[in-house]
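Notes follow once the structure below has been shown.
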Amino acid sequence: MKTLEQTVAQHRDEWKARSLEQQKLEIENNEAVAKLYGLDDEVSSDVPLERVSLTNNSAFRWPNKTPEERDALFTQSAIIDLISYAVGCMFGRYSLDAPGLILGDQGATIEDYLKIVPHPTFSPDEDNVIPVVDGDWFEDDIVECFRLFLRTVFGEQHFEENLRFINQALGIKNLRDYFVKTAARGAISKFYDDHVQRYKKRPIYWLFSSPKGSFSALIYMHRYTSSTVSTVLTYLRGYVTKLEPALQDAERAGNAKEADRLRKILVELNEYEHDTLFPKASENIVIDLDDGVKANYPKFGDALKKITGLEKASD
């Protein structure tokens with residue numbers, strides 16, 4: 001089985017070949033038109049590679065970069081695409097075992113998925129809530145799910161090598177940095193920022209997040225039900241339950257810095273539950289996908305990560 005690095009390199013080389021072939025065709029087309037109108041000696045038929053408008057033509061995407069920089073950016077983009085696809089598999093939007101969209105209707109369920117993919121190689125998350133937290137606190141958190149996806153697709157043999165390649169391509173120390181680290185500082189995580197940009201500020205995965213991002217959880221809007229927020233609340237309470245003994249351990253060990261950090265997180269999470277998440281869970285909010293993200297996203301107020309342009313429901 002190939003390593004992820006070898007797979008990406010092959011993908012990159014294939015697109016280079018396609019781009020060069022397309023460039024050749026466009027030049028030949030220009031030459032034919034010029035000859036038809038008798039302009040062979042007056043009009044240049046040349047087409048710079050930077051003007052060959054294929055999505056994955058590195059010269060077109062990054063015209064002002066060197067070939068080496070283009071290769072690095074192509075690799076980074078390919079890894080971001082892979083992660084996006086992996087998250088789609090985690091929610092059942094996609095499957096390793098069947099092409100195209102699997103779950104794309106409102107209120108789609110795991111049962112609907114299993115009718116299409118009875119024996120999945122990689123099983124989607126059952127409750128449509130994937131925790132995004134700063135540590136291995138949940139077995140089904142987004143980092144653990146991606147690690148399982150990586151093992152499933154590329155094998156155990158090259159797992160550590162593939163993980164290092166991903167970290168290098170993304171410029172991070174470890175995988176959790178991409179999913180969580182920025183969110184823990186109160187800003188949007190790099191993963192979610194990439195997702196919001198991919199869907200032009202109309203994300204299909206919604207990030208429930210406490211004010212400073214100490215707790216976050218991702219859901220898939222197409223699988224949303226009126227009880228989904230209550231499921232997120234259950235994860236939040238479970239996280240608090242896990243952090244409280246950690247605080248006690250820090251206090252007993254005399255680790256004042258860690259104890260202070262955990263106290264602040266617990267205050268944040270308790271306030272988020274009391275002021276925001278519990279009230280929203282109690283509303284049993286109903287959404288209609290036909291109304292679009294712009295109308296549905298604001299219904300959850302401060303429970304969801306703020307996205308510019310989605311603060312208010314459309315009239």
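The values are calculated or read from the model by the stated rules, or taken from the named source; none is laboratory data. All figures in this text were calculated on a predicted structure; none of them were measured in a lab. As a convention, Cβ positions derive from the backbone with ideal geometry for all residues, glycine included, and neighbour counts pool all protein chains shown. The protein model used for the area step is the full one, side chains on, heavy atoms only, and it has no ligands, DNA or RNA in it. Shrake-Rupley method; radii C 1.70, N 1.55, O 1.52, S 1.80 Å.
What pairs can you find where one residue is in segment 82-108 and in contact (Cβ under 8 Å) with a residue 12 or more places away in the chain and more than 14 Å from F146 (Cβ to Cβ), the other is outside any loop (DSSP other than H, G, I, E, B) and acidic (D, E), and their Cβ atoms are less than 7 Å apart, with a gap of 6+ or different chains? Within 7 Å, the pairs are L103/D112. Of all residues in segment 54-82, those satisfying the criterion of being assigned to a loop (DSSP other than H, G, I, E, B), over 20 Å from the mean Cα position of the chain (by Cα) and surrounded by 14 or more Cβ atoms within 10 Å (Cβ to Cβ) are L54, N57, W62, K65.
Annotation: Q197 fulfils all but one of (1) touching a helix residue (DSSP H, G or I) at 6+ places or on another chain (Cβ under 9 Å); (2) within 26 Å of Y297 (Cα to Cα); (3) without any contact (Cβ under 8 Å) to a residue 12 or more places away in the chain; (4) not small (G, A, S); the unmet one is (1).
Is one or more of the residues making up segment 28-51 more than 30 Å from R147 (Cβ to Cβ) and of a type in the set (F, W, Y)? Scanning segment 28-51, I find at least one residue that is more than 30 Å from R147 (Cβ to Cβ) and of a type in the set (F, W, Y), so the answer is yes.
Considering only residues in segment 33-47 that are open to solvent by 50 Å² or more (accessible area, probe 1.4 Å) and closer than 19 Å to L20 by Cβ, the one that is modelled with the lowest pLDDT turns out to be S44. Residues that are exposed (fewer than 14 other Cβ atoms within 10 Å of the Cβ), part of a loop (DSSP other than H, G, I, E, B) and among the hydrophobic types (A, V, I, L, M, F, W, C) within segment 245-295 comprise A253, V286, listed in sequence order.
Taking each residue of segment 265-287 that is free of Cβ contacts under 8 Å to residues at least 60 places away in the same chain and looking for partners that are among the hydrophobic types (A, V, I, L, M, F, W, C) and in a loop (DSSP other than H, G, I, E, B) with beta-carbon atoms closer than 6 Å, six or more apart or interchain, yields L269/F215. The residue list N270, N296, N255, N284 contains one member that is within 30 Å of A108 (Cβ to Cβ) and over 25 Å from the mean Cα position of the chain (by Cα), which is N284. Only residues that are assigned to a loop (DSSP other than H, G, I, E, B), among the acidic types (D, E) and either touching a Gly at 6+ places or on another chain (Cβ under 7 Å) or open to solvent by 30 Å² or more (accessible area, probe 1.4 Å) (or both) were counted in segment 83-136, giving 6.
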